[in-house]
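Read the figures in this text as sums done on the coordinates, not as results from a lab. Remember, predicted model here, so these are calculated numbers, not experimental data. Quick reminder, even Gly has a Cβ in these numbers, built from the backbone with ideal geometry, and neighbours come from all protein chains shown.
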Amino acid sequence: MRTRYRAAALALACLAGAGAVAGTVRGRMQDEPQVQDRTLPMFMQAKLDYSKDVLEGLTTADFTKVVQGAQALRKLAEDELWRVNPNINYVRYTEEFVRLTDALEAEGQAQDIDGAALNYVNLTINCINCHKFVRDQRVTRLDGERLRR
Ligand code: HEC
């Protein structure tokens, strides 16, 4: 009788333990996507904010804004959050993005408004093309549907 009680108690303890573990795992799984969900969109959204800064700089001939916006954009591409996908096309769009932001910075510094304006347009096309690619290929961990609004 006593052994049976002990076995039952042991079984209960095991169940409680397993429950606790399952609880933590579930808790963590619930937490993580939330954290990720906020971080990545905020990071990506910064591209739009900085490119608006560049546009503002170009339209008001404020070259400091152009240079700073281009530098901030370029920095984003160095962040590990940028590398959501190892696909070669994604890497190529990224390389083009870096090349264009570098050029934009140099043109801003040289106060070359026409060159900077042209590269701003090229950069915008680069944004759109990479997004088109991401949408079509579903290459991210996240759903490419996010880019369709
Ligand atoms: C090399 C590819 C690439 C380039 C270039 C790129 N993006 Fe993105 N962008 C992404 C990816 C990947 C996401 C996230 C998609 C997802 O949520 O699955 C994203 C998301 C976004 C979002 C949405 C954030 C949200 O609310 O979910 C905005 C806004 C954005 N990018 C703006 C830009 C702008 C502006 C540029 C150009 C200055 C740009 N992107 C260039 C790949 C790129």
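General remarks:
- Fully extended contour minus Cα-Cα distance, from THR60 to ILE88, at 0.36 nm per residue: 6.3 nm
- Cα-based Rg of region 39-147 normalised by 2.2 N^0.38 Å, two decimals: 1.06
- Sorted on the mean count of surrounding Cβ atoms within 10 Å across their residues, most packed first, peptides 81-92, 113-124 read 113-124, 81-92.
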